[in-house]
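Q: Below you will find the structure I want to go over with you.
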Amino acid sequence: MKSPRFLLFLLGMLLLTSNSVRAEGGDVLERMVQLPRMRGTIYALLGKLSEQSSYLFIYDSKVINNDSIVKVRKQSCTMRQAIYEITGNQNLELKVLGNHILIAQMTEATPARDRIRESPRSTYSTVTGKLLDKETGEPIANASVLVEGTSLGNITNQNGEFRLHLPDSLQKNLLSFSHLGYVKQSVGVSVLEGLNSIVSLEPKVISLQEVLIRLVEPKKLLREMMERRSKNYAADPVYLTTFYREGVQLKNKFQSLTEAVFKVYKPSVLDADADDQVKLLKMSRIDNREKTDSLITKIRSGVEACLQLDIVKNIPDFLLLESRGEFYTYISRDLMSIDNRTANVVYFEQKKGVNEPLFCGELYIDSENSALLQARIEINPTYIKEATRLFVVRQAQKIRLTTQKIVYTISYKPWNGTYYVHHIRGDLYFKMKRKRISFSNPTVHTWFEMVTCHIDNKDVTRFPRSERLPLHTVLADTNFKYDESFWGDFNVIPLEEELSQIIEKVALKIEKTDL
């Protein structure tokens, strides 16, 4: 059986007040709650209060240690007293905003005579924090963090962390947090400014009755999605200005990190024979390898693989129902909420008896307009070792790499009523074995991701050949002219930072320089 064509292409702040400080939303804070006798983390105990009050907590991680283990006795008390009991700190300031209770350390007001001595306020402010699942306390990765009413925002990294560098003109705007399967939350930008906030998202439960009404045959969902591609996605060429990153880690330490701003020519989704084109606008590279290091492997990963993961245009095998559908099993049994849109979830995996490394995963399809909103796909773990030949092109004589895990995530978002690819990420893990060395088998992790920062559908033409970046290019080895004026204050980027840590700065720079 031939390997699938698609695989080959993928080379608060509970602001608790003390008794001497008047808190907003006092009625909620004075509401009686039942504090159970239990021992657990502060996060888990605050979750018990959320269940009783329907209020979510936001707090500064510098003030409250989320993972501290505390023991409380069973008692009936006010919400305020319960929070004091759980945190073990009465020197906190309380504030109730909407359906959130915010916690922060109490601060003394600045005397009027000293205010004129304060330094002039910066025209920008920073909002940082971590997004967690309300029920489990686990980080929520790849969640959207957007300033409502603007195009500014980013995504949370693999640890659920986010950071935004925003102009003061947006202080009165709301910052929204959303992810599939969770209830969207909105909090004022000014509330989170200067804090390292812990924000929780509540899983969205869809009633059984709604599931029974909406549930449909999975292949029908996929056929409708394919039939409506011309209505939901760009039927005409478009330019996408994107920010791209790729890196290689060995033993959890970065070996290299390459970042770039691309202008991508995207042909119509209906033109299967027309390839994407890339124009390299800006580039930055950090190399942490020793000069004596030699090439140990060449892996099918990077720019070409990233563009091929636009699965609405580059149809993968599991969506070719007529020619490859017999190799897969499809199930649709769940509904999820993505950005306040209800989506049917289609799970797929290869059938028993198909003994080759194919994909499995989940597809999230809008229940009303049949648009593909998100996808998570990975190589079937059962056959992951057999996939090595598909991804490892060349190895050094004394090195052997074996695939451990290959995972891709793709998301699409609407702009002016049309959906465009928003975020693509690939994570490829390999076990490295050195000949004659049996006690050290480190993991090599190579990854890439791309986020769309700007969309332009006016006067779109293909790039001249001289301006195109060959898609098979090893970006880390590309010669480029470093533009210090563009990269500015982030021309030296810590290797541990994720895409979400700097994407907002790049997006702002792109808007300012009109790339």
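Q: Which residue is farthest from G98 (Cα to Cα), if the candidates are limited to segment 19-33 and must be at pLDDT 50 or above and in contact with a helix residue (DSSP H, G or I) (Cβ under 7 Å, 6 or more places away or on another chain)?
A: Within segment 19-33, the match that is farthest from G98 (Cα to Cα) is V33.
Q: Can you tell me which residue in segment 235-272 is nearest to Y419 (Cα to Cα), limited to those that are modelled with pLDDT under 85 and in a loop (DSSP other than H, G, I, E, B)?
A: A272
Q: For E108, all conditions in the list (1) of a type in the set (D, E, K, R); (2) surrounded by fewer than 16 Cβ atoms within 10 Å (Cβ to Cβ); (3) modelled with pLDDT of 80 or more hold save one; what is the number of the exception?
A: Result: E108 fails condition (3) only.
Q: Follow-up question, since we're still on this one. Restricting attention to segment 286-344, report how many residues are under 25 Å from K405 (Cβ atoms), part of a loop (DSSP other than H, G, I, E, B), modelled with pLDDT under 85 and of a type in the set (D, E, K, R).
A: Residues in segment 286-344 being under 25 Å from K405 (Cβ atoms), part of a loop (DSSP other than H, G, I, E, B), modelled with pLDDT under 85 and of a type in the set (D, E, K, R): 4 in total.
Q: A follow-up question, please. When M432 is evaluated against the numbered criteria (1) farther than 17 Å from A305 by Cβ; (2) at pLDDT 90 or above, which criterion, by number, is the only one it fails?
A: Every listed condition holds for M432 apart from (2).
Q: Can you find even one residue in segment 465-486 that is among the acidic types (D, E), in a loop (DSSP other than H, G, I, E, B) and at pLDDT 85 or above?
A: The answer is no, given that none of the residues of segment 465-486 is among the acidic types (D, E), in a loop (DSSP other than H, G, I, E, B) and at pLDDT 85 or above.
Q: Just checking, which of F318, F327 is touching a strand residue (DSSP E or B) at 6+ places or on another chain (Cβ under 8 Å), more than 18 Å from R229 (Cα to Cα) and aromatic (F, W, Y)? Don't jump to the end; show me each part of the working.
A: Values: F318 fails: more than 18 Å from R229 (Cα to Cα).
Just one listed residue meets the conditions, F327.
Q: Let me ask you something else. Quick one: which of S323, S337, S332 is farther than 30 Å from K398 by Cβ and touching a Lys or Arg at 6+ places or on another chain (Cβ under 7 Å)?
A: S337
Q: Can you name the condition, by its number, that G417 falls short on among (1) surrounded by 15 or more Cβ atoms within 10 Å (Cβ to Cβ); (2) under 25 Å from the mean Cα position of the chain (by Cα); (3) of a type in the set (G, A, S)?
A: For G417, the failing item is (1).
Q: Return the residue satisfying two criteria in turn: it lies in segment 58-83 and is within 34 Å of the chain's Cα centre (by Cα), surrounded by fewer than 21 Cβ atoms within 10 Å (Cβ to Cβ) and of a type in the set (S, T, Y), and of such residues it is modelled with the highest pLDDT.
A: The extreme case among them is S68.
The values are calculated or read from the model by the stated rules, or taken from the named source; none is laboratory data. None of these values were measured; they are calculated from a predicted model. For neighbour counting, all protein chains shown are included, and Cβ atoms are generated from backbone atoms with ideal geometry for every residue, glycine included.
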